[in-house]
Amino acid sequence: NTSFVNPRMAEMLGYNVEEMLGRPLFSFMDEAGVEVCKRNLERRRQGIREQHDFQFLRKDGSRLHASLEASPVYDDEGHYAGSLAGVQDITERVKAEARLRESEEKYRDLVEKISDVIYTLDLDGRITYVSPAVESCLGYSPAQLVGRSFGEFIAPEDLARVTRPAFVIQGKND
């Protein structure tokens with residue numbers, strides 16, 4: 001049961017402090033959260049202190065994504081008496097990460113279906129990514145090209161032109 005909650009935690013969950021005091025910890029989570037919490041509480045009983053992410057249910061039923069720093073609490077005789085957790089709301093970060101993953105999936109889907117060859121190089125000119133279209137254009141699978149030098153695939157007579165800088169900054173006396 002909840003024996004202490006600070007005003008910020010109550011606010012994050014949409015309650016006031018009085019509404020939360022005395023309530024079972026499990027009343028602030030769904031069934032999957034209860035199972036995770038039971039395992040985590042057992043780890044506290046074993047004396048394990050750790051940081052982990054967790055989802056709580058707010059009073060309105062929406063989810064609060066949180067990062068917890070949880071520690072066991074002991075009574076005066078050294079017996080396990082409960083757990084104390086510092087909680088940070090990471091809901092916006094989790095939503096931003098989900099939007100980023102969705103955007104990356106759309107980009108990857110586009111790049112992998114386009115008929116043009118799209119590639120990326122590292123600063124040493126080594127291929128770090130090449131789209132599947134390379135197979136129909138050059139006969140190589142992407143796996144055969146990743147890690148190889150881009151220069152290997154340029155005709156010798158074109159190599160100097162392709163590898164020279166696109167522009168040169170000239171000094172005052174040039």
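At a glance:
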quantity	calculated
Summed residue charge, Cβ within 15 Å of Pro7's Cβ, Lys/Arg positive, Asp/Glu negative	-2
Modelled FRET efficiency - R0 41 Å, Lys113 with Val17, Cβ distances, 0.05 increments	0.15
Nearest-0.05 FRET efficiency for Glu105 and Glu152, computed from C-beta distance (R0 45 Å)	0.90
The chain - Rg over Rh from alpha carbon coordinates, Kirkwood radius	1.29
Surface accessible to a 1.4 Å probe, per residue, for the residues of the chain, Å²	72 Å²
Area projected by the alpha carbon convex hull of region 61-103, averaged over all directions, nm²	4.3 nm²
Solvent-accessible area, 1.4 Å probe, carbon plus sulfur percent, for the chain	52 percent
Inter-site label distance for Gln51 and Ser27 at 7 Å from Cα along Cβ, in nm	3.1 nm
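The values are calculated or read from the model by the stated rules, or taken from the named source; none is laboratory data. Since this is a predicted model, take the numbers as computed values, not measurements. Backbone-built Cβ (ideal geometry, glycine too); neighbour counts: all protein chains shown. Heads up: the accessible areas ignore ligands, DNA and RNA and are worked out on the full protein's heavy atoms, side chains in. Shrake-Rupley method; radii C 1.70, N 1.55, O 1.52, S 1.80 Å.
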